[in-house]
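Below is one structure, written out as structure tokens; comments come after it.
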């Protein structure tokens, strides 16, 4: 008797179980022949855009001032065409099964949104250059701005974020989240593409930082590792489902420093120029120029300040 054939009944039963509608109804994506976005291609796209934003640091080693325009042109053109296809696939994903799909309209929509991101690249570069300067001047261990560009996880995460945020603003479905999660996987820094981040933003070390969808961050803000800008609660609709899209994350004003493992929750404001110490739990507004730290130990027992 063939040993493999002796298990044919088990194999057949498993196939039948996996093919039953009750088993797959939540995890099946009925795209009906439309291809899903490609994580691999989106990774290539971000790499191309990184080469454009930081020429010479990534990509072609023979880059010089004489051929810079050519290489940027090639990469921008490739990025645009990759974007068109991936955005189109994202649109297919968002409208699958609702009967509203029109291939020509979706292609035109995708091309317009791709062009919108390409047009934003000079501003994205300007913002990232300011982020690099903030990281360099805020870290005594940084030997050069080039070292920050080439090796700091915060700049990699912020590059992905600033690209993803433009796509989010253009109401591109799915693609911004994939790009953000790429950086999350690579760096441990989790920034939702909807978060609004101002100029000269620095994340020191970075591992474990979480910034929620509706968080807003002003200029010259610095976070350390483990900081959470999260939601305190989730309002529910009549059916008991979370209400989407409402402001529920903190607003951090200009010139704020938040030290490691601070947890800031809810739609509260951290006032301009404030300093939030490490391991602090904050759920109420903090006035401008405040300093929130743990209380000193009293009577040989640790007592933590109520903070704000």
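Details
- Of the residues 260, 239, the single one that is in contact with a strand residue (DSSP E or B) (Cβ under 7 Å, 6 or more places away or on another chain), free of Cβ contacts under 8 Å to residues at least 60 places away in the same chain and either in the same structural domain as residue 284 (by TED's automatic domain parsing) or outside any strand (DSSP E or B) (or both) is 260.
- Test: residue 230 is modelled with pLDDT of 95 or more, surrounded by fewer than 19 Cβ atoms within 10 Å (Cβ to Cβ) and over 26 Å from residue 45 (Cα atoms): yes
- The one condition in (1) modelled with pLDDT of 95 or more; (2) out of contact with any helix residue (DSSP H, G or I) (no Cβ under 8 Å at 6 or more places or on another chain); (3) within 16 Å of residue 179 (Cα to Cα) that residue 137 fails to fulfil: (3)
- Considering the conditions (1) modelled with pLDDT of 95 or more; (2) buried (at least 17 other Cβ atoms within 10 Å of the Cβ), residue 119 is excluded by exactly one of them, (2).
- For residue 178, the conditions (1) over 22 Å from residue 252 (Cα atoms); (2) crowded, with 16+ Cβ neighbours inside 10 Å; (3) more than 11 Å from the chain's Cα centre (by Cα); (4) touching a residue at least 24 places away in the same chain (Cβ under 8 Å) are fulfilled apart from (3).
- Residue satisfying all of: in the range 281-298; part of a loop (DSSP other than H, G, I, E, B) and modelled with pLDDT under 95; farthest from the chain's Cα centre (by Cα) among these: 297
Rundown of residues vs (1) closer than 19 Å to residue 162 by Cα; (2) modelled with pLDDT of 90 or more, yes/no style:
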position: 23; (1), (2): no, no
position: 28; (1), (2): no, no
position: 35; (1), (2): no, no
position: 43; (1), (2): yes, yes
position: 50; (1), (2): yes, yes
position: 62; (1), (2): no, no
position: 69; (1), (2): no, yes
position: 83; (1), (2): yes, yes
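- Test for residue 162: is it more than 19 Å from residue 40 (Cα to Cα), within 21 Å of the chain's Cα centre (by Cα) and surrounded by fewer than 19 Cβ atoms within 10 Å (Cβ to Cβ): no
- Just one residue in the set 110, 142, 115, 154 is touching a helix residue (DSSP H, G or I) at 6+ places or on another chain (Cβ under 8 Å) and not in a helix (DSSP H, G or I); that residue is 142.
- Residue 105 being over 20 Å from the mean Cα position of the chain (by Cα), part of a helix (DSSP H, G or I) and free of Cβ contacts under 8 Å to residues at least 40 places away in the same chain: yes
- Filtered residues of the range 131-149 (kept if in contact with a strand residue (DSSP E or B) (Cβ under 8 Å, 6 or more places away or on another chain) and within 17 Å of residue 49 (Cβ to Cβ)): 131
The values are calculated or read from the model by the stated rules, or taken from the named source; none is laboratory data. As the structure is a prediction and not an experimental result, all values here were calculated from the model. FYI the Cβ positions are ideal-geometry reconstructions off the backbone, even for glycines, and counts take in every protein chain you see.
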